[in-house]
Amino acid sequence: MDMEKLVENYIDTWNRQDIAGMLELMHSGAAIYDAFWMETCVGKGLPQYFQDGMEEENHHYQRIGEVIPVDNGVAFRYSAHERPNPTIGPVVYYGAEVLIVQDNKILTVSDYYCNPDRAALKEVAELAAKRHGLTSHTKSGLGAMKAMRIKVALSTAIEHEKTYCDSSLTLSRLAEKIGCPVDYLSQVIEDEFGADFDAFLTNHRIRYARGLLQERLDDPSHVSFVANKAGFKTLEEFCEAFSNFFGTTVEEFRERGEKAIGSVDDPHLH
């Protein structure tokens with residue numbers, strides 16, 4: 001098999017953002033290892049991996065120098081460029097990849113964000129054979145890079161925009177606002193906070209409500225305002241959530257006055 005032609009086809013197909021073409025190049029049992037995120041994507045996750053990579057980075061790639069034959073494959077260096085239309089922009093970073101081939105298809109891709117010389121590139125190729133057992137696998141196509149971006153967007157929506165104060169907020173609406181699939185957002189919330197969406201939402205609402213309560217502990221009418229302001233649909237829902245989280249009722253919290261501030265906490269909130 002002409003390895004140089006394979007590399008050219010591989011880079012060109014990616015630059016054209018041709019997901020179907022990329023899958024056609026890959027072996028049925030293909031795996032892609034991303035050295036930066038220490039993560040391997042396999043099987044059904046590959047189409048989403050390609051889509052995410054093309055949408056999120058949108059760089060133009062060029063091969064640097066010659067290709068280096070390795071056992072059952074080839075190694076090469078590349079430069080990643082900004083992709084403003086209609087011309088190719090300056091270099092963003094350099095990298096190296098190792099393609100292992102089986103049955104004239106790419107069995108594994110190992111991507112290293114470095115720019116080694118020829119000798120070092122051979123060492124990089126040797127590492128490629130060892131990497132799968134040392135890496136985690138993506139779940140449902142959601143890799144660490146995509147998960148990080150979702151977490152950043154989620155933090156903005158929750159911590160800065162306080163979207164949880166909307167009593168009609170749903171998982172699908174929040175995913176739409178963030179710009180990610182619903183199942184991805186659900187997975188990030190579960191992995192990051194160890195809770196489902198409803199518990200995650202209640203967590204933030206109740207913490208926010210406690211802060212509002214502390215502003216006017218001596219005003220009984222303030223409780224209804226706090227419940228509504230924090231996104232609870234009813235006063236009863238708020239009072240029940242407050243008791244469940246803090247082990248004390250709203251009334252008891254208010255009666256303790258200044259002593260209550262900072263004295264009631266819940267380990268699930270950290």
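Brief remarks on what is shown
- Residues of the range 43-60 satisfying the condition of being surrounded by fewer than 17 Cβ atoms within 10 Å (Cβ to Cβ) and over 14 Å from the mean Cα position of the chain (by Cα): Gly43, Lys44, Pro47, Asn58
- Filter pass, Ala125 being in a helix (DSSP H, G or I) and modelled with pLDDT of 90 or more: no
- Evaluation of Arg77 against (1) more than 16 Å from Ala125 (Cα to Cα); (2) basic (Lys, Arg); (3) in contact with a strand residue (DSSP E or B) (Cβ under 8 Å, 6 or more places away or on another chain) (one fails), failing number: (1)
- Contacts under 9 angstrom Cβ, first residue in the range 144-167 being closer than 22 Å to Arg207 by Cα, partner among the aromatic types (Phe, Trp, Tyr), 6 or more apart: Ala157/Tyr164; Ile158/Tyr164; Ile158/Phe200; Lys162/Tyr208; Tyr164/Phe200; Tyr164/Tyr208; Cys165/Tyr208; Ser167/Phe232
- Search result, residues across the range 135-192 that are among the basic types (Lys, Arg) and at pLDDT below 90: Lys139, Lys146, Arg149, Lys151
- Of the helices (runs of 4 or more DSSP H) that lie entirely inside the range 200-270, those containing 1 or more residues that are at pLDDT 80 or above and of a type in the set (Ser, Thr, Tyr) span 222-229, 235-246.
- Checked across the range 170-192, the condition of being under 30 Å from the mean Cα position of the chain (by Cα) and over 26 Å from Gln51 (Cβ atoms) holds for no residue.
- Candidates are the residues of the range 65-108 that are assigned to a strand (DSSP E or B) and hydroxyl-bearing (Ser, Thr, Tyr); the one that is surrounded by the fewest Cβ atoms within 10 Å (Cβ to Cβ) is Tyr93.
- Matching residues in the range 1-38 - criterion: being surrounded by fewer than 19 Cβ atoms within 10 Å (Cβ to Cβ), acidic (Asp, Glu) and either in a strand (DSSP E or B) or within 24 Å of the chain's Cα centre (by Cα) (or both): Asp18
The values are calculated or read from the model by the stated rules, or taken from the named source; none is laboratory data. These numbers were taken from a predicted model, which means no experiment stands behind them. With ideal geometry, Cβ positions are generated from the backbone for all residues, glycine too; neighbour counts draw on all protein chains shown.
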